[in-house]
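A short reminder: the numbers here are calculations on the coordinates, not readings from a lab. Just so we're clear, the structure is a prediction, and the values are computed from it rather than from any experiment. Ideal geometry is used to build each Cβ from the backbone, glycine not excepted, and the neighbour counts take in all protein chains shown.
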């Protein structure tokens with residue numbers, strides 16, 4: 001009889017035998033593989049923590065106790081155990097369950113997550129709140145070894161060790177190889193060390209030694225120094241003990257007996273504790289075990305072979321990859337920097353060709369930017385390859401350590417705009433707004449892959465900070481020029497003349513705007529001019545104002561939030577030069593977080609596809625006389 005689909009509550013796990021837990025783990029892996037093969041998702045991380053997740057839910061009641069998943073991409077097993085089995089087939093689908101923890105989704109999800117390094121800080125916050133409210137429950141932070149490289153993780157460790165709050169940190173190490181014998185020995189030793197008898201005897205011995213007149217304190221101090229010296233040599237968790245944590249591990253993460261015994265013992269202790277668990281990424285699915293990286297975050301695939309659905313066209317990331325390799329061949333000053341995303345940002349080929357010029361700083365975006373600034377200050381041309389959603393973590397460093405000194409650092413901002421299934425924590429919808437306010441920075445966005453390669457070339461040769469933002473997904477399919485061309489900074493491109501309406505678009509919205517303009521002329525005989533802005537900063541005010549005056553009406557289109565975005569920049573400039581009679585409208589993302597759905601569905605929702613721009617344009621023209629006289633931050637306005 002199946003166990004998983006008949007499980008009504010995590011509390012029922014207490015009644016299952018070790019053998020039954022093993023059956024449950026297999027059923028959960030089968031379900032995860034089945035759904036992810038259709039929907040895509042984070043396969044390797046979730047497969048690797050099935051036994052550990054079951055063990056945690058068996059011992060803790062996370063409807064009352066708190067568990068904080070770092071990043072949250074390993075929470076599929078958690079979702080299956082907490083009442084979402086029937087909805088699991090909707091994973092990452094529009095109106096379905098999220099691929100990450102969501103407070104609005106379940107009482108077992110206590111904190112929305114999606115970025116690395118947040119679990120220890122948030123767990124400590126929950127522990128502090130618990131103590132102030134005089135409540136009694138456990139708080140668990142679940143963090144991977146990759147996330148532990150984040151500076152925020154160490155800030156949390158430092159504060160937790162100082163406050164000595166009761167929290168448990170589960171360190172999921174899926175990179176270290178560990179044999180069963182080492183796992184058994186480690187589990188045995190840690191069961192002794194974490195047991196009540198050991199801690200009670202240690203406390204009593206220390207007390208007795210301290211009472212010996214004249215020498216007690218010296219003997220106790222000497223014993224402590226010897227103990228610490230031995231730990232420094234033999235104990236792998238010494239660094240955590242120096243932070244004020246009790247360390248236990250490493251423990252084999254796929255053995256229910258080891259996990260249950262260790263968790264049960266450590267749960268009884270007080271203060272900050274860290275349990276080092278070793279797991280295998282992709283456990284239970286051979287293709288993911290052999291290639292955990294490609295299956296970390298994957299699209300749909302064939303279960304029997306592991307073969308993925310191949311895209312019909314190249315991606316923008318691949319065009320960036322080819323461009324940076326070609327540039328580096330002719331310029332030894334070009335270096336590439338990434339934060340644990342060599343594969344995701346397209347730097348694999350660069351790392352093979354120029355290994356000494358590739359710097360992976362792990363999950364430390366703040367460090368990556370300051371590191372790049374220093375290299376630029378010393379004569380190099382750093383290119384920081386980073387997702388838009390992660391660049392926002394380094395705002396201060398970008399402003400203070402790069403822009404303030406006008407240093408020649410190029411930011412290749414991947415996944416800019418709507419990203420789709422990963423949802424609100426990963427949308428690249430804020431970079432235009434937070435970048436364009438920074439003095440000295442140049443902000444570009446290509447209309448297609450050919451323009452992207454020229455922008456990367458232009459940025460790498462510019463004497464100042466440049467950000468080039470480009471979307472997730474496949475390219476348009478235009479031919480690539482064989483040689484790089486320099487683009488004049490701040491120069492837009494008129495793609496289509498018109499007299500009734502100007503559509504000024506940026507980035508991947510340019511081809512969409514062109515399609516809408518052609519449809520407007522074909523179906524409604526409306527003459528539409530289209531400008532490819534190319535630059536969100538500096539703007540080509542001369543070209544835009546010229547055609548805005550000619551048409552008398554202007555619509556801006558961007559895949560960014562409207563607040564402080566490209567449209568705001570355009571209307572600020574036009575208002576500044578006195579064009580108060582021109583009526584305008586901005587298309588973009590309103591003041592809200594975009595939830596998980598396909599890119600196509602989200603673009604349709606926010607009128608950012610060709611049909612949406614077409615309909616918005618018709619509505620705008622029809623209601624021109626009713627346009628409210630509002631400031632330029634409104635979606636529709638008369639310029640004042």
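What shape does the range 368-444 have by the C-alpha gyration tensor, where a ≥ b ≥ c are the square roots of the eigenvalues, rounded means a/c under 1.5, and otherwise prolate means a/b greater than b/c and oblate the rest?
Details: a/c = 2.37, a/b = 1.88, b/c = 1.26.
Because a/c hits 1.5 or more and a/b exceeds b/c, the range 368-444 counts as prolate.
Can you compute the modelled spin-label distance between residue 61 and residue 615, with each label point 7 Å from Cα toward Cβ, in nm?
The answer from the label model is 4.9 nm.
Between residue 550 and residue 26, what is the spin-label point distance in nm, taking each point 7 Å from the Cα along the Cα→C-beta axis?
Between residue 550 and residue 26, the simple spin-label model gives 7.1 nm.
If each of residue 343 and residue 377 carries a label point 7 Å out from its Cα toward its Cβ, how far apart are those two points in nm?
Those two pseudo-labels are separated by 3.5 nm.
Label the range 29-95 by shape, choosing from rounded, prolate and oblate, from the square roots a ≥ b ≥ c of the eigenvalues of the Cα gyration tensor; if a/c is under 1.5 it is rounded, and otherwise prolate applies when a/b is larger than b/c, oblate when it is not. Intermediate values should be presented prior to the final figure.
Details: a/c = 1.84, a/b = 1.57, b/c = 1.17.
Prolate is the answer for the range 29-95, as a/c is 1.5 or above and a/b outweighs b/c.
Taking each pair of distinct Cα atoms in the range 515-570 once, what is the resulting Kirkwood hydrodynamic radius in Å? Write out the running numbers ahead of the final one.
On the way: mean 1/r = 0.0801 Å⁻¹.
Computed over the range 515-570, the radius equals 12.5 Å.
At 0.36 nm per residue, and after removing the present C-alpha to C-alpha distance, how many nm does the segment from residue 136 to residue 591 gain when stretched out fully?
Details: separation 455, 0.36 × 455 = 163.80 nm, distance 3.85 nm.
Here the segment from residue 136 to residue 591 would lengthen by 160.0 nm.
Kirkwood Rh over alpha-carbon pairs of the chain, then Stokes-Einstein at 37 °C and 0.692 mPa s: what D in µm² s⁻¹, rounded to an integer? Before the final figure, lay out the partial values.
On the way: Rh = 27.1 Å.
Estimated diffusion coefficient is 121 µm²/s.
May I ask for the distance between the Cα centers of the range 393-426 and the range 473-500, given as a whole number of Å?
When both Cα centres are located, 23 Å separates them.
So how much slack lies between residue 563 and residue 525, counting 0.36 nm per residue of separation and subtracting their Cα-Cα distance, in nm?
Values: separation 38, 0.36 × 38 = 13.68 nm, distance 3.24 nm.
Contour length minus the Cα-Cα distance gives 10.4 nm.
If each residue of separation counts as 0.36 nm, what is the full-extension length gain between residue 18 and residue 241 once their alpha-carbon separation is subtracted?
On the way: separation 223, 0.36 × 223 = 80.28 nm, distance 3.21 nm.
That pair, residue 18 and residue 241, stretches by 77.1 nm at full extension.
Ignoring everything except DSSP H segments at least 4 long, calculate the 222 nm mean residue ellipticity for the chain; use -39,500 (n - 2.57) per segment, divide by total residues, nearest 500.
Details: 23 runs with 256 residues, N = 640.
So the calculated ellipticity at 222 nm is -12000 deg cm²/dmol.
Sketch the reach of a paramagnetic label on residue 601 as a point 7 Å from Cα along Cα-to-Cβ, and name the residues of the range 388-422 whose backbone nitrogen lies under 20 Å away.
Once the point is set 7 Å along Cα→Cβ of residue 601, 417-422 turn out to lie under 20 Å by backbone N, inside the range 388-422.
Return one number: the angle in degrees, 0 to 90 and rounded to the nearest 10, between the long axis of the Cα atoms of helix 216-234 and the longest principal axis of the Cα atoms of the chain.
50 degrees
Antiparallel versus total DSSP beta bridges in the chain: what percent is that, nearest 5? Write down the numbers at each step before the final one.
Numbers: 12 of 68 bridges.
For the chain, the DSSP antiparallel bridge percentage is about 20.
What whole number of Å gives the distance from the Cα centroid of the range 265-291 to the Cα centroid of the range 15-61?
First find each Cα centre; the distance between them is then 13 Å.
Using only Cα atoms, what Kirkwood radius does the range 316-469 have, in angstroms? Could you put the intermediate results ahead of the total?
Values: mean 1/r = 0.0666 Å⁻¹.
That comes to 15.0 Å for the range 316-469.
What does the convex hull of the alpha-carbon atoms of the range 493-638 project to on average, in nm²? Please report the intermediate quantities before stating the final value.
On the way: hull surface 31.6 nm².
Computed as one quarter of the Cα hull surface, the answer is 7.9 nm².
Any idea what angle helix 610-622 forms with the longest principal axis of the chain, computed on alpha-carbon atoms, 0 to 90 degrees, nearest 10?
Roughly 50 degrees between the two axes.
Based on Cα positions only, what radius of gyration and what Dmax would you give for the range 410-563, in angstroms?
Both quantities, over Cα of the range 410-563: 15.5, 47 Å.
Which angle from 0 to 90°, rounded to the nearest 10, does the C-alpha axis of helix 180-194 make with the longest principal axis of the chain?
70 degrees
I need the calculated FRET efficiency for the pair residue 515 and residue 257, taking r as the beta carbon distance and R₀ as 51 Å, to the nearest 0.05.
Working: r = 61 Å, r/R0 = 1.21.
With a Förster radius of 51 Å, E is 0.25.
Report P(r) for the range 60-126: all Cα-Cα distances, bin width 10 Å, range 0 to the bin holding the largest distance, values in whole percent.
Percent of Cα pairs in each bin: 22, 55, 21, 2.
With both partners inside the range 493-638, how many of the DSSP beta bridges are antiparallel, as a percent to the nearest 5?
Numbers: 6 of 21 bridges.
Antiparallel bridges make up about 30 percent of those DSSP assigns within the range 493-638.
Write down the percent of antiparallel bridges among all DSSP beta bridges whose residues are both part of the range 316-469, to the nearest 5.
Details: 1 of 21 bridges.
Percent antiparallel among DSSP bridges in the range 316-469 is about 5.
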